[in-house]
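Asks: Let me give you the structure first, and then I'll get to my questions.
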Amino acid sequence: MTDTPPDRLSTDPSSPHFDQPALERGIGIRFKGVERKDVEEYDREAGWIRVALGKKVDRHGRPLTLKLSGDVEAWFERPAADATAEDQAEG
């Protein structure tokens, strides 16, 4: 796994952009210069994020989301497990 998070990622398991290993590493998101912890989905190339709209849910029980446009930066909060094993083997 690389040190660059995917360009598009979703926390919804039914989404084609869901990636469990990436989410387990933790993804940090900075939107318009402010770090956000409430992001449900993001797309760096298109420049948008989706955030939950309070506690509102749709008829299927999924949270209603609001799409916000702007500058999106993403990073991994923890290094990859195989990268730490390689570092320990070298040292």
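Asks: Of everything in the range 10-21 that's outside any loop (DSSP other than H, G, I, E, B) and touching a strand residue (DSSP E or B) at 6+ places or on another chain (Cβ under 6 Å), which residue is nearest to ALA46 (Cα to Cα)?
Replies: SER10
A quick yes/no check of all residues on (1) at pLDDT 95 or above; (2) crowded, with 16+ Cβ neighbours inside 10 Å; (3) acidic (Asp, Glu):
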residue: ARG8; (1), (2), (3): yes, yes, no
residue: ALA80; (1), (2), (3): no, no, no
residue: ALA83; (1), (2), (3): no, no, no
residue: GLU90; (1), (2), (3): no, no, yes
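Asks: Here is a follow-up. Exactly one of (1) touching a Phe, Trp or Tyr at 6+ places or on another chain (Cβ under 7 Å); (2) open to solvent by less than 30 Å² (accessible area, probe 1.4 Å) is unmet by ASP3. Its number?
Replies: (2)
Asks: Please go through the range 13-37 and give me each residue that is charged (D, E, K, R), over 16 Å from GLU73 (Cβ atoms) and either more than 13 Å from the chain's Cα centre (by Cα) or open to solvent by 60 Å² or more (accessible area, probe 1.4 Å) (or both), ordered by number.
Replies: GLU24, the sole residue that qualifies.
The values are calculated or read from the model by the stated rules, or taken from the named source; none is laboratory data. Owing to the predicted nature of the structure, the values given are computational and were not obtained by experimental measurement. With ideal geometry, Cβ positions are generated from the backbone for all residues, glycine too; neighbour counts draw on all protein chains shown. With ligands, DNA and RNA removed, areas are computed over all heavy atoms of the protein, side chains included. Shrake-Rupley method; radii C 1.70, N 1.55, O 1.52, S 1.80 Å.
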